[in-house]
């Protein structure tokens with residue numbers, strides 16, 4: 001009788017844990033989320049941001065574990081504060097033909113307060129592997145993830161724009177803030 005009771009208790013605890021600790025889609029808070037790119041020219045640095053990025057995340061808030069991440073952005077939504085520069089940037093990346101950039105995780109490694117997210121980035125019609133370094137901050141009501149990554153313009157078949165016959169650096173750096181509500 002004691003063995004049956006013990007088995008029943010173990011099964012009940014397993015079922016409770018299985019329903020409490022399950023990955024779920026977290027709802028993005030768009031007003032708090034953004035992505036910024038930075039590119040360097042020998043004469044100045046250029047920075048532009050988009051608040052139109054759409055992040056999706058599967059996580060288990062009880063375990064504070066992230067399982068998958070996706071992101072999408074319409075590249076025409078980046079704003080540097082200079083419409084002429086933004087128009088030229090859209091020409092360089094052929095935004096009419098390739099208006100969307102997207103990312104989908106393939107693996108996630110959590111180590112303390114840092115999370116390395118490997119995945120596939122599709123930009124300018126080309127898909128490449130990227131590694132994103134990030135740091136999540138969990139609270140009872142939200143998850144805030146900040147991070148960064150860099151890509152090579154030439155790897156994505158983008159001709160480096162020039163000013164006064166000097167091209168920009170080949171490295172395009174991105175940083176982001178993604179905020180999600182936890183119910």
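Residues in segment 13-33: is at least one under 24 Å from the mean Cα position of the chain (by Cα) and at pLDDT 95 or above? Yes; the residues of segment 13-33 include at least one that is under 24 Å from the mean Cα position of the chain (by Cα) and at pLDDT 95 or above. Looking across 128, 85, one residue alone is touching a helix residue (DSSP H, G or I) at 6+ places or on another chain (Cβ under 7 Å) and either assigned to a loop (DSSP other than H, G, I, E, B) or without any contact (Cβ under 8 Å) to a residue 60 or more places away in the chain (or both). It is 128.
Restricting segment 40-59 to residues that are within 28 Å of residue 109 (Cβ to Cβ) and surrounded by 15 or more Cβ atoms within 10 Å (Cβ to Cβ), the residue that is nearest to the chain's Cα centre (by Cα) is 55. Taking segment 47-73 as the range and being touching a helix residue (DSSP H, G or I) at 6+ places or on another chain (Cβ under 7 Å) and part of a strand (DSSP E or B) as the test, the residues that pass are 48, 50. With respect to (1) surrounded by fewer than 18 Cβ atoms within 10 Å (Cβ to Cβ); (2) over 18 Å from residue 30 (Cβ atoms); (3) under 15 Å from the mean Cα position of the chain (by Cα), the lone exception for residue 108 is condition (1).
Report the residue count in segment 144-169 for those that are closer than 30 Å to residue 56 by Cβ, touching a strand residue (DSSP E or B) at 6+ places or on another chain (Cβ under 8 Å) and assigned to a loop (DSSP other than H, G, I, E, B).
Looking only at segment 144-169, we keep the residues that are closer than 30 Å to residue 56 by Cβ, and these are 144-158.
Add one more test, that the residue is touching a strand residue (DSSP E or B) at 6+ places or on another chain (Cβ under 8 Å), and what stays is 144-153, 155-157.
Filter once more, keeping what is assigned to a loop (DSSP other than H, G, I, E, B): 153, 157.
The qualifying residues number 2.
In segment 101-113, is there at least one residue being in a strand (DSSP E or B), without any contact (Cβ under 8 Å) to a residue 60 or more places away in the chain and closer than 24 Å to residue 40 by Cβ? Checking segment 101-113: at least one residue is in a strand (DSSP E or B), without any contact (Cβ under 8 Å) to a residue 60 or more places away in the chain and closer than 24 Å to residue 40 by Cβ. Among residues that are under 21 Å from residue 42 (Cβ atoms) and either modelled with pLDDT under 95 or assigned to a loop (DSSP other than H, G, I, E, B) (or both), residue 140 is not included.
The values are calculated or read from the model by the stated rules, or taken from the named source; none is laboratory data. Keep in mind the model is a prediction, meaning the values are calculated, not measured. Cβ coordinates were reconstructed from backbone atoms using ideal geometry, including for glycine residues, and neighbour counts include every protein chain displayed.
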